[in-house]
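In what follows, a structure is listed as structure tokens, so that the remarks can point back to it.
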Amino acid sequence: MCGIVGLFLKDKSLEPELGAMLSAMLVTMTDRGPDSAGIAIYGESRPGLAKITVQSPDPAADFHALEAELVPVTGGAVSVSVKNTHAVITVPAASVADVRAALARIAPSVRVMGAGESVEIYKETGLPKDVVSRFGIAAMGGTHGIGHTRMATESAVTTLGAHPFSTGPDQCLVHNGSLSNHNNLRREMKRAGIGFETENDSEVAAAYLTAEMARGKDLGAALEGALDDLDGFYTFVVGTRSGFGVLRDPIACKPAVMAETERYVAFGSEYRALVGLPGIESARVWEPEPATVYFWDRSKAA
């Protein structure tokens, strides 16, 4: 049993409140998963630049000289913003792969949580209220985001095992459920050159969607393919740079509720995660149908 939330804003005036709204939604889901928690925030992007969110078990040692050590890799265009056990490294977009390779050499204990033009991912063990507090999530603005609080059932309680999982640029996934064919899929994707940080089945789902989108599908089409290729019980909430998607398996045994107004689209494992949102009393509220893709994309709407 885990708790998942998501919020996709249509009204720009709400963007400064994204982190506060998502934090409140996630804290409400604490009793569904007290082991670890995480949030992905899609915020401001700057032309030609990318952000790499990293985590360290020893941030004082790993982050102290990190900016200076990465200058030769990026040609001088690098900044490191530390938030507790995480740091956001801003670099030229063209140098992301080189920076990731350099991190493995100069700071091998550092782990990449996610990368992209707009996404920042923060996750740690502990209660949601403590995780969102230590990273200052409530003060963050953005266009959309997803969150997860975990009750571990098949793997250890670790930072890497926490959600969201990110396996592609500006892509991430949170998951409530269990996949039965993740080991076979992991082997197939490893043979195709896709790397994995954990043995978690949810990371396989994230990697599957990344691989499908790399073939030219948008998020909606990739989620459609998941219905044929992923076996098990699942509710997914997925983010891309401009998109937000929801999918439940054909049996739909995991709880889910959605709400939509002219100002936002929201998802929660239970309705109580949504009750604090502005205008929820007049929202269209529904339970997402089994085996049905729900998909919003800002770039297409524009």
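The values are calculated or read from the model by the stated rules, or taken from the named source; none is laboratory data. This one's a predicted model, so the numbers in the text were calculated from it and none came from an experiment. Virtual Cβ from ideal backbone geometry, glycine too; neighbours counted across all protein chains shown. Note: areas computed on protein heavy atoms with side chains; ligands, DNA, RNA excluded. Shrake-Rupley method; radii C 1.70, N 1.55, O 1.52, S 1.80 Å.
When region 71-80 is examined, which residues are found to be open to solvent by less than 40 Å² (accessible area, probe 1.4 Å) and under 24 Å from Lys123 (Cα atoms)? Of everything in region 71-80, those that are open to solvent by less than 40 Å² (accessible area, probe 1.4 Å) and under 24 Å from Lys123 (Cα atoms) turn out to be Val78, Val80.
Is it true that Thr167 is in contact with a helix residue (DSSP H, G or I) (Cβ under 8 Å, 6 or more places away or on another chain), under 26 Å from Val204 (Cβ atoms), assigned to a strand (DSSP E or B) and open to solvent by 10 Å² or more (accessible area, probe 1.4 Å)? Yes: the conditions hold for Thr167.
A quick yes/no check of all residues on (1) in a loop (DSSP other than H, G, I, E, B); (2) crowded, with 22+ Cβ neighbours inside 10 Å:
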position	(1), (2)
Gly38	no, yes
Thr53	no, yes
Pro57	yes, no
Ala60	no, no
Val82	no, no
Ile89	no, yes
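Restricting attention to region 91-131 and to residues that are under 17 Å from Tyr42 (Cβ atoms) and of a type in the set (D, E, K, R), the residue that is surrounded by the fewest Cβ atoms within 10 Å (Cβ to Cβ) turns out to be Glu117.
Filter region 20-36 down to residues that are of a type outside the set (A, V, I, L, M, F, W, C) and surrounded by 20 or more Cβ atoms within 10 Å (Cβ to Cβ) and give me whichever is nearest to Thr158 (Cα to Cα).
Step one: of region 20-36, the residues of a type outside the set (A, V, I, L, M, F, W, C) are 23, 28, 30-36.
Restricting the remaining residues to those that are surrounded by 20 or more Cβ atoms within 10 Å (Cβ to Cβ) gives 23, 28, 32-33, 36.
Values: Ser23: 21, Thr28: 22, Arg32: 17, Gly33: 13, Ser36: 8 Å.
Per the criteria, the residue is Ser36.
Condition check for Leu185 on (1) open to solvent by less than 10 Å² (accessible area, probe 1.4 Å); (2) part of a helix (DSSP H, G or I); (3) over 15 Å from Ile146 (Cβ atoms): one failure, at (1). Applying the condition of being of a type in the set (Lys, Arg) and in contact with a strand residue (DSSP E or B) (Cβ under 9 Å, 6 or more places away or on another chain) to region 197-251 and asking which residue is most open to solvent (accessible area, probe 1.4 Å) yields Arg241. Residue count for region 133-172 under the criterion of being in contact with a Phe, Trp or Tyr (Cβ under 6 Å, 6 or more places away or on another chain) and among the acidic types (Asp, Glu): the result is 0.
Filtering region 1-19 for residues that are at pLDDT below 95, open to solvent by 20 Å² or more (accessible area, probe 1.4 Å) and not polar (S, T, N, Q) leaves a non-empty set.
Output the residues belonging to region 279-289 that are at negative phi and either in contact with a His (Cβ under 7 Å, 6 or more places away or on another chain) or surrounded by fewer than 14 Cβ atoms within 10 Å (Cβ to Cβ) (or both).
So the first thing to find is which residues in region 279-289 are at negative phi, and the list is 280-289.
Of everything in region 279-289, those that are at negative phi and either in contact with a His (Cβ under 7 Å, 6 or more places away or on another chain) or surrounded by fewer than 14 Cβ atoms within 10 Å (Cβ to Cβ) (or both) turn out to be Glu281, Ser282, Arg284, Trp286, Glu287, Glu289.
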